[in-house]
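Step one of this worksheet: look at the structure below.
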Amino acid sequence: MNKRTLMVGSIIFVALVLVVSIAAASSRFNVAGQYLLSEPFENVTATPHGANCIIEADLTYPFLGDLVGEAKVHFRVLVHGPCEQADPFAFKETYWGEGTFTGEVMMGKDGTKAGTFDFDYKGKGWPAPIGEQAVQAQMRVISGTGELENLHGKLDVTYIMGEAFDSYDGWLHFSN
């Protein structure tokens, strides 16, 4: 076998492996809905940090739409203002969180799958009049269990001042 034949055979083999790998990975599917703002906040702490305040709290959010279930989240919020003025959205805020969603995910024509998934949450908030956007964030789905094992994706989150819920929309997919 000459070198040219060996090289062409190797290129074809690599191309086939790539095509099979791409075909085996699931395609993305879009999701959208809302999650309700929950109270009471649990395990709340507020720690002064210079002229700012770091608030930590645990929250539970019921999800509606393509995700139906509940998320338990631990948030850290950097409020760009003093702890004494705990009025929500009085100052700019930066959010970090980690959580676990338990429930079902609607996958379009592929039906519903149940389980849990872990996610992280990063975003920012700012003072806004009623009816205007006050939060922009992103949830990144890291891993899942049950029928949601190997689930990954990103959800964009927005909050409009005065609403009783946050909206989410984005995409999810299953990796191999």
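Criterion first (among the acidic types (Asp, Glu), within 20 Å of Glu93 (Cα to Cα), in contact with a strand residue (DSSP E or B) (Cβ under 7 Å, 6 or more places away or on another chain) and surrounded by 16 or more Cβ atoms within 10 Å (Cβ to Cβ)) does Asp166 satisfy it? Here the answer is yes, as Asp166 does meet what is asked.
So, in the range 96-119, how many residues would count as being outside any strand (DSSP E or B) and either surrounded by 17 or more Cβ atoms within 10 Å (Cβ to Cβ) or small (Gly, Ala, Ser) (or both)? Looking only at that region, the number is 3.
Here is the figure for the range 44-95: residues that are touching a strand residue (DSSP E or B) at 6+ places or on another chain (Cβ under 8 Å), part of a loop (DSSP other than H, G, I, E, B) and of a type in the set (Asp, Glu) total 1.
Laboratory data are not the source of any read-out in this text; all were calculated from the coordinates shown. Remember, predicted model here, so these are calculated numbers, not experimental data. In this analysis, Cβ positions are derived from the backbone assuming ideal geometry, glycine residues included, and neighbour counts consider all displayed protein chains.
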